[in-house]
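Have a look at the structure below, then the notes.
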Amino acid sequence: MIEAYFDESETQDDADVLAVSGFIFDNDNCLKLDDEWNQILTEFGESKEKPLPYFRMSSCAHHNSPFEHLSRPECDRAARSCISVIKKYMTYGLSASASQAQFGKWCAEGAIREDITTAAYVWCCWMSLVGVRAWADRVKFNGKIAYFFEAGHRHQTSANAVMNYIFKQSNFRDNYRYGTHAFVPKESNRPVQTADILAWHHTQNVKRMMDGRPRRKDFEEILRGQEDQYRIIHARKELFDGEFAGLSRFSEFINRIRRGDF
């Protein structure tokens, strides 16, 4: 079975960018990644007896807990070690982002009165899942895919509703090769930590684009030599309208997700 792991990142500033990102792994490579990721957590922990409990890119980048015992160069080495392992074992990477302020304007134009953060999250989640389907179609993968999301994040209810929407419709279930979905704790599921890195870098890259700045060097390293193995998109009006055949259909989609009316 193929496994897909997803996480989200959200900027807490005027850029107001939200992203849902993920990686696809085959089962064997996922096990290898898990083993090497555990070695990295041990190497950069306080001691062999007290490894890092997890890797979170935002905490590492800002030298916050649980990385405060490391120097900034050591934080950089830890992040680059994780990036190297991702590049070694990932099959495909996906990320979709949206500016919530911009998203709100589009919704207002269509008289959509949904909570903007929820609407933006559902759009990004859906676009990432569309990327999984597109990858499976392109490589003619006909097996099952297990979808995993970080447990406990504030959009878990919306993510679960989107997955149930897929599961309960046979045509969607087949198109997305749905096997199962689950919400897993970051601390005990190392592969889901890979998605955190891509999500953080995507939101940071969108902010830098808005400011006219180039990509971060570590984000360049993530993509180097493998850009054709990624589907990274940022919400544009034509993409927003096209995927949901107009704003009114998107509003109906959000309402069905909320009601569980499938």
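Just so you know, all these numbers are worked out from the coordinates, no wet-lab data involved. As the structure is a prediction and not an experimental result, all values here were calculated from the model. Counting neighbours? That spans all protein chains shown, and the Cβs are built from the backbone with ideal geometry, glycine included.
At-a-glance table
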read-out: With Cα atoms, 0 to 90° folded angle of helix 27-43 axis to the chain main axis; value: 50 degrees
read-out: Overall Cα dimensions of the range 184-241, principal axis frame, Å, largest first; value: 38, 31, 23
read-out: Rounded to 10°, Cα long-axis angle of helix 116-139 versus longest principal axis of the chain; value: 80 degrees
read-out: Among 197, 86, 232, residue whose mean-square fluctuation peaks in a GNM of the chain (springs only between Cα atoms under 10 Å); value: 232
read-out: Using θ = phi - 60° and Karplus 6.51 cos²θ - 1.76 cosθ + 1.60, couplings along the range 49-61 (whole Hz; Gly, Pro as x); value: 7, 9, x, 4, x, 5, 10, 10, 4, 5, 5, 5, 5
read-out: Efficiency of FRET from Cβ geometry, residue 221 and residue 48, R₀ 35 Å, rounded to 0.05; value: 0.80
read-out: Integer Hz, Karplus 6.51/-1.76/1.60 couplings in order for the range 91-104, x for Gly and Pro; value: 9, 7, x, 9, 7, 10, 10, 8, 7, 5, 5, 5, 4, x
read-out: For the range 1-82, alpha-carbon Rg over 2.2 N^0.38 Å; value: 1.24
read-out: Under 26 Å from the Cα of residue 168 - lysines, other chains or at least 8 residues apart; value: 140, 144
read-out: Amide H partners (placed H, <5 Å) of residue 92, local residues excluded; value: 24
read-out: Translational diffusion of the range 65-151, µm² s⁻¹ [Kirkwood Rh, Cα pairs; Stokes-Einstein; 10 °C; 1.306 mPa s]; value: 96 µm²/s
read-out: Cα-centre dipole for the chain with unit charges at Cβ (Lys and Arg positive, Asp and Glu negative), debye to 20; value: 480 debye
read-out: Estimated FRET transfer efficiency when R0 is 25 angstrom, pair residue 39-residue 188 (beta carbons, to 0.05); value: 0.90
read-out: Rounded if a/c under 1.5, otherwise prolate or oblate - the range 1-142, Cα gyration tensor axes; value: oblate
